[in-house]
Amino acid sequence: MQIKSYLGVFFVLFNVMTAVSQEAFQLQSIVLNTALTKDANAIMRNDSISINIPSFDKMRVYKEEVVTILNKAGDKYASAYEYYSDDVKIKSVEAVIYDQMGNEIKTFKKRDFKDRSAVPRGTLYSDHRILYLDYTPTSYPYTIKFISEIETPNTVSIPIWYFVSGYNVSVEKSTFHINYGTDVTLRIKEDNLEGFNIQKTQNDNDITYSAGSIPAIEYEDLAPSLMYFIPKLQVAANHFNISGIEGHASNWEELGGWMYNKILTGRNILPDQTIATAKALVAGIDDPILKAKKIYEYVQEQTRYISVQIGIGGIQPIMAEEVDKVKYGDCKGLSNYTKALLEAVGVDAYYTHVEAGSQIVDFDGQFASLTQGNHAILAIPNGEDYCWIDCTSRVLPFNYVGDFTDNRKVLVMKPEGGQITTTVAYINRDNELRNIGEIELHADGSVDASVSITTKGVLYDSRFYLGERNNDDIVKSYKDYWHYINNLSLKQPRFKNDKENVVFMEDVSLSATKYASNMGDRMLVNINLFDRNTYVPARYKDRKMAFEVPRGFVYKDSIKINLPEGFEIEAMPKNETLESEFGSYALNLEKDSENNIIYQKEFFLKKGLYPKEKYADYRDFRKQISKLENAKIMLINKN
């Protein structure tokens with residue numbers, strides 16, 4: 001009996017040790033598949049999600065992520081965090097760190113995770129929070145395993161699944177699994193699965209997608225957003241719940257109608273005094289667009305943006321009368337408040353969801369889901385089109401949204417239902433920067449100069465902020481802008497922000513010593529003082545990706561260069577014109593009657609998505625432009 005007991009203990013210990021050694025072997029990173037390490041900063045060893053939806057008002061999500069971080073650039077993929085709120089409960093969360101041999105370094109339980117607001121910047125109060133692991137690696141490579149499980153009654157937003165986490169990340173194994181009740185009807189949209197060896201298995205109400213051995217996609221200059229060509233799954237329930245409110249929707253029209261009638265209705269009540277104030281503001285104005293402009297400017301003056309993440313799943317705005325009382329709100333609250341004011345003066349306006357950000361991201365017109373969209377704006381009917389306003393900004397002109405929400409498909413919510421439409425687009429020659437100036441060149445190579453800079457379109461968005469800055473920030477901004485000018489000194493610039501026409505104007509005077517290079521009785525001068533577009537895309541022997549110019553622009557210069565007394569032009573570049581499918585460039589130099597130089601240029605770049613085969617041509621185009629932007633003249637001192 002005693003021998004049998006010892007044997008039993010031995011076999012138990014042997015099995016445990018074998019399991020531990022097998023796990024260590026599987027998690028080691030000292031020897032990895034070279035097909036997965038090529039171009040990779042991180043390797044997803046096991047990236048999996050399992051979603052269970054037994055009924056329209058219950059969802060449980062289990063996630064397990066094992067990722068090997070190969071270098072510092074891969075640290076951002078060690079994403080050990082989980083969100084929670086009053087409606088989203090974290091059932092379990094833990095993380096384990098392993099060394100390159102697969103040996104366990106440290107285990108983190110739920111109590112070891114840090115807890116903070118999920119929207120900390122500017123947040124007054126929020127019931128949306130995040131548990132996250134704050135870990136600093138001591139060496140590379142290392143592996144982190146993160147496991148979490150959440151439970152929620154909200155089924156209106158089912159997680160989107162990307163089989164690839166980002167550029168320069170390879171995938172050893174990725175699995176999406178969903179199980180749902182017999183009374184639950186799901187819609188699943190598959191995007192870009194071809195060519196990635198993704199296997200699908202389905203049994204009754206149980207579906208699994210599995211992928212493996214996906215090499216890293218190396219980031220290339222000007223590459224379009226990764227989300228448009230990596231494999232992706234979107235899932236939505238036709239019958240769903242959010243914070244006790246039921247919904248039925250299978251398309252955007254139905255979903256937008258549900259939002260309008262169930263989530264937004266009744267949130268537009270305003271005090272009588274506020275309604276009276278709004279009506280007084282527009283008294284005598286018949287044009288609804290001019291009325292809307294007055295109301296928009298009133299909201300800008302009276303309120304401020306602050307993130308307030310509470311209520312029904314973070315999608316329902318706080319009451320308009322509450323915003324009126326406290327004078328602040330988030331994007332939802334301020335949009336709803338402005339909409340209520342506009343309704344009070346007889347102007348239609350529609351609450352709109354958009355995916356905001358400098359990168360253009362469209363709503364998927366073929367798949368209705370509230371997982372899309374991170375911001376709220378307003379659409380105001382204007383003939384057959386809309387005026388668009390972002391009610392969170394205290395500085396943007398009326399009917400101008402800049403590159404934060406321009407040129408993308410959005411969901412406009414109307415009483416009769418939702419509508420997918422596209423916001424205003426600022427493309428090509430809509431985006432203009434014009435320099436008109438004069439340069440006084442001195443014999444010692446120094447310059448005194450003045451320039452008027454005018455910007456429109458998204459280029460306005462990149463310049464008008466100067467009028468809101470203090471003097472130190474303004475000086476720093478110009479020194480960064482003209483980084484190629486050494487020993488730069490500035491006089492106080494003057495600004496004019498024409499919000500009616502959405503044009504920003506800058507009058508700047510500057511001086512710089514040793515701008516030109518003196519070489520005995522000769523002087524070499526770069527004639528382009530104010531706007532050098534010298535960017536040349538990176539060179540690739542074997543380009544893999546298409547490339548994109550997201551918006552396009554036009555830059556124009558007209559500059560007079562006054563030469564020092566006694567100096568004459570010895571050599572000057574020839575006038576040149578470049579024409580390309582990507583745009584055009586024109587350089588024109590003329591001597592006036594006083595032997596000074598008039599420098600003119602126009603650089604036009606077209607918006608476009610181009611195949612990889614044309615990348616070398618585009619690079620040559622930009623290389624030629626860079627050379628012309630650095631054009632120089634040689635002067636000789638006749639004295």
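What to note about this one:
- If you go through region 213-236 and keep only what is open to solvent by less than 40 Å² (accessible area, probe 1.4 Å) and in a strand (DSSP E or B), you end up with 214, 232, 233, 234, 235, 236.
- Considering region 359-389, and only residues there that are touching a Lys or Arg at 6+ places or on another chain (Cβ under 7 Å) and assigned to a strand (DSSP E or B), the residue that is surrounded by the most Cβ atoms within 10 Å (Cβ to Cβ) turns out to be 376.
- The strands (runs of 3 or more DSSP E) located wholly in region 484-572 that include 2 or more residues which are crowded, with 18+ Cβ neighbours inside 10 Å occupy 503-512, 522-526, 547-549, 553-562.
- Complete set of residues in region 338-358 that are out of contact with any Lys or Arg (no Cβ under 8 Å at 6 or more places or on another chain), crowded, with 24+ Cβ neighbours inside 10 Å and either free of Cβ contacts under 8 Å to residues at least 60 places away in the same chain or assigned to a loop (DSSP other than H, G, I, E, B) (or both): 338
- Candidate set from region 34-60 (those that are outside any strand (DSSP E or B) and within 25 Å of the chain's Cα centre (by Cα)); member that is surrounded by the most Cβ atoms within 10 Å (Cβ to Cβ): 40
- Per-region count, region 475-498, residues within 23 Å of residue 456 (Cβ to Cβ) and in contact with a strand residue (DSSP E or B) (Cβ under 8 Å, 6 or more places away or on another chain): 8
- Test: residue in region 266-282 that is among the aliphatic types (A, V, I, L, M), farther than 18 Å from residue 350 by Cβ and without any contact (Cβ under 8 Å) to a residue 12 or more places away in the chain: yes
- Filter pass, residue 392 being more than 18 Å from residue 348 (Cα to Cα) and surrounded by fewer than 17 Cβ atoms within 10 Å (Cβ to Cβ): no
- Single residue of region 395-409 satisfying the filter (under 15 Å from the mean Cα position of the chain (by Cα) and among the β-branched types (Val, Ile, Thr)) that is surrounded by the fewest Cβ atoms within 10 Å (Cβ to Cβ): 405
- Leading residue by the ranking (surrounded by the fewest Cβ atoms within 10 Å (Cβ to Cβ)) among those in region 446-458 that are of a type outside the set (A, V, I, L, M), at negative phi and within 32 Å of the chain's Cα centre (by Cα): 452
To keep it simple, each residue is scored yes or no on (1) under 13 Å from residue 461 (Cα atoms); (2) not polar (S, T, N, Q).
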| residue | (1), (2) |
| --- | --- |
| 380 | no, yes |
| 393 | yes, no |
| 406 | yes, yes |
| 410 | no, yes |
| 414 | no, yes |
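- Annotation note: Cβ proximity below 8 Å between a residue of region 157-183 that is farther than 20 Å from residue 227 by Cβ and a residue that is among the acidic types (Asp, Glu) and buried (at least 23 other Cβ atoms within 10 Å of the Cβ) (sequence gap 6+ or interchain) occurs for 173/47.
Rundown of residues vs (1) part of a helix (DSSP H, G or I); (2) of a type in the set (Asp, Glu); (3) within 30 Å of residue 255 (Cβ to Cβ); (4) more than 26 Å from the chain's Cα centre (by Cα), yes/no style:
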{"position": "413", "(1), (2), (3), (4)": "no, no, yes, no"}
{"position": "424", "(1), (2), (3), (4)": "no, no, yes, no"}
{"position": "439", "(1), (2), (3), (4)": "no, no, no, yes"}
{"position": "444", "(1), (2), (3), (4)": "no, yes, no, yes"}
{"position": "465", "(1), (2), (3), (4)": "yes, no, no, no"}
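- Here residue 325 meets the list (1) in contact with a Phe, Trp or Tyr (Cβ under 8 Å, 6 or more places away or on another chain); (2) among the basic types (Lys, Arg); (3) surrounded by fewer than 21 Cβ atoms within 10 Å (Cβ to Cβ) almost entirely, failing just condition (1).
- Complete set of residues in region 251-267 that are open to solvent by 60 Å² or more (accessible area, probe 1.4 Å) and either at positive phi or over 27 Å from the mean Cα position of the chain (by Cα) (or both): 254, 261, 262, 265
- Among the residues of region 469-483, the ones that are open to solvent by 50 Å² or more (accessible area, probe 1.4 Å) and either touching a residue at least 60 places away in the same chain (Cβ under 8 Å) or out of contact with any Ser or Thr (no Cβ under 8 Å at 6 or more places or on another chain) (or both) come to 9 in all.
- Region 579-615, residues that are small (Gly, Ala, Ser) and either closer than 25 Å to residue 440 by Cβ or in a loop (DSSP other than H, G, I, E, B) (or both): 593
- Subset tally (residues that are among the charged types (D, E, K, R) and under 25 Å from the mean Cα position of the chain (by Cα)) for region 66-92: 4
The values are calculated or read from the model by the stated rules, or taken from the named source; none is laboratory data. Please read these numbers as outputs of a predicted model, since none were measured by experiment. Note that each Cβ is placed from the backbone with ideal geometry, even for glycine, and that neighbours are counted across all protein chains shown. Note: accessible area is taken over every heavy atom of the protein model, side chains too, but ligands, DNA and RNA are not part of it. Shrake-Rupley method; radii C 1.70, N 1.55, O 1.52, S 1.80 Å.
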